[in-house]
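These notes are about the structure you will find just below.
We did not get these values from a lab; they are worked out from the coordinates using the rules stated. This one's a predicted model, so the numbers in the text were calculated from it and none came from an experiment. No Cβ is skipped: glycine too gets one built from the backbone with ideal geometry, and neighbour counts run over all protein chains shown.
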Amino acid sequence: MIKIAPSILAADFAQLGQEVKEVEAAGAQLIHVDVMDGHFVPNISFGSLVMDAIRPHTTLPLDVHLMIENPDQYIEQFAKAGATYITVHVEACRHLHRTIQLIRSYGVKPGVVLNPHTPIETIQHVLEDIDMVLFMTVNPGFGGQKFISSVVPKIEALSTIIKERGLSIDIEIDGGITAETIVPCAKAGANIFVAGSAIFGKEDRAAALQEIQAAGEA
Ligand code: DX5
Ligand code: ZN
């Protein structure tokens, strides 16, 4: 079962309530929330106040992707703003295990994100502690970038390890996802797909979302 998580980074910020309602009606299963601090990534997006604002407009789980330094400092506020998942970058966490425990302590599902160059070995000792691994298929910081296909073998390798260990962990893919690029990732074992510009950049969001989902399920 393939789940689509539209990223509000590509939505119209002046109409966010309407935007999330539209993709929920179109069949989205999560809302992806891209938080950027201008330090970990070279761009600033928004913080938990924006989540507070959209929370009443959707019943979908909020999938919060923290592209920030010192995530521990902000986890409580994102948990209180209604996060279902909080994912942190392994590259930003000096004490990754502690950060995972902190997320879990608020009743939020913890996930870890890997940049395109980061090997899966960096997370092999926390797999038992997390609910999701998020693979970046672009360098984080901006929407609308080109998919980096060299990440696909990493997805496949992790998927094998998860099966071998009998774990139940979602594999999410983020960056440059379209009806074409979803195909090799789904084949490699991923089950949740973020799409920003490929959904909010289109006139007919429902058709775009359904086309991507169908391609992933084929
Ligand atoms: C990139 C963000 C992505 C981005 C995806 O730093 O983490 O979630 O919004 O946008 P598209 O789908 O346009 O590549
Ligand atoms: Zn993201």
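Go through the stretch 52-84 residue by residue and tally those that are within 15 Å of the chain's Cα centre (by Cα) and either within 20 Å of Gly17 (Cα to Cα) or small (Gly, Ala, Ser) (or both).
Count: 9.
So, Ile103, is that one among the aliphatic types (A, V, I, L, M), touching a residue at least 12 places away in the same chain (Cβ under 8 Å), surrounded by 22 or more Cβ atoms within 10 Å (Cβ to Cβ) and more than 30 Å from Glu211 (Cβ to Cβ) or not?
yes
Determine which single condition Lys187 fails, assuming it passes every other condition in (1) under 22 Å from Gly27 (Cα atoms); (2) in contact (Cβ under 8 Å) with a residue 60 or more places away in the chain.
Here Lys187 meets the rest and fails (2).
Considering only the stretch 29-45, how many residues are without any contact (Cβ under 8 Å) to a residue 12 or more places away in the chain and either on the phi < 0 side of the Ramachandran plot or in contact with a Cys (Cβ under 8 Å, 6 or more places away or on another chain) (or both)?
Number of matching residues: 1.
In the stretch 104-141, which residues are away from ligand 2 (no atom under 16 Å from the Cβ) and aromatic (Phe, Trp, Tyr)?
Within the stretch 104-141, Tyr106 is the sole residue that qualifies.
Select from the stretch 131-147 the residues that are more than 6 Å from ligand 1 (Cβ to nearest atom), surrounded by fewer than 23 Cβ atoms within 10 Å (Cβ to Cβ) and more than 14 Å from Met67 (Cβ to Cβ) and list them in ascending order.
Asp131, Met132, Lys146, Phe147
Going through the stretch 82-91 one residue at a time, which ones are touching a helix residue (DSSP H, G or I) at 6+ places or on another chain (Cβ under 8 Å) and surrounded by fewer than 21 Cβ atoms within 10 Å (Cβ to Cβ)?
Passing the criteria: Gly82, Val90.
Out of the residues in the stretch 12-70 meeting the condition of being β-branched (Val, Ile, Thr) and in contact with an Asp or Glu (Cβ under 6 Å, 6 or more places away or on another chain), tell me which one is farthest from ligand 1 (Cβ to nearest atom).
The qualifying residue farthest from ligand 1 (Cβ to nearest atom) is Thr58.
Mind listing whichever residues of the stretch 4-15 are surrounded by 19 or more Cβ atoms within 10 Å (Cβ to Cβ), outside any loop (DSSP other than H, G, I, E, B) and not β-branched (Val, Ile, Thr)?
Hits for the stretch 4-15 are Ala5, Pro6, Ser7, Leu9, Ala10.
Pro119 fails exactly one of the following numbered conditions: (1) over 25 Å from Glu164 (Cβ atoms); (2) surrounded by fewer than 21 Cβ atoms within 10 Å (Cβ to Cβ). What is the number of that condition?
(1)
Yes/no matrix, rows are residues, columns are (1) out of contact with any strand residue (DSSP E or B) (no Cβ under 9 Å at 6 or more places or on another chain); (2) within 16 Å of ligand 1 (Cβ to nearest atom); (3) among the acidic types (Asp, Glu):
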position: Arg104; (1), (2), (3): no, no, no
position: Val108; (1), (2), (3): no, no, no
position: Val113; (1), (2), (3): no, yes, no
position: Pro116; (1), (2), (3): no, yes, no
position: Glu121; (1), (2), (3): yes, no, yes
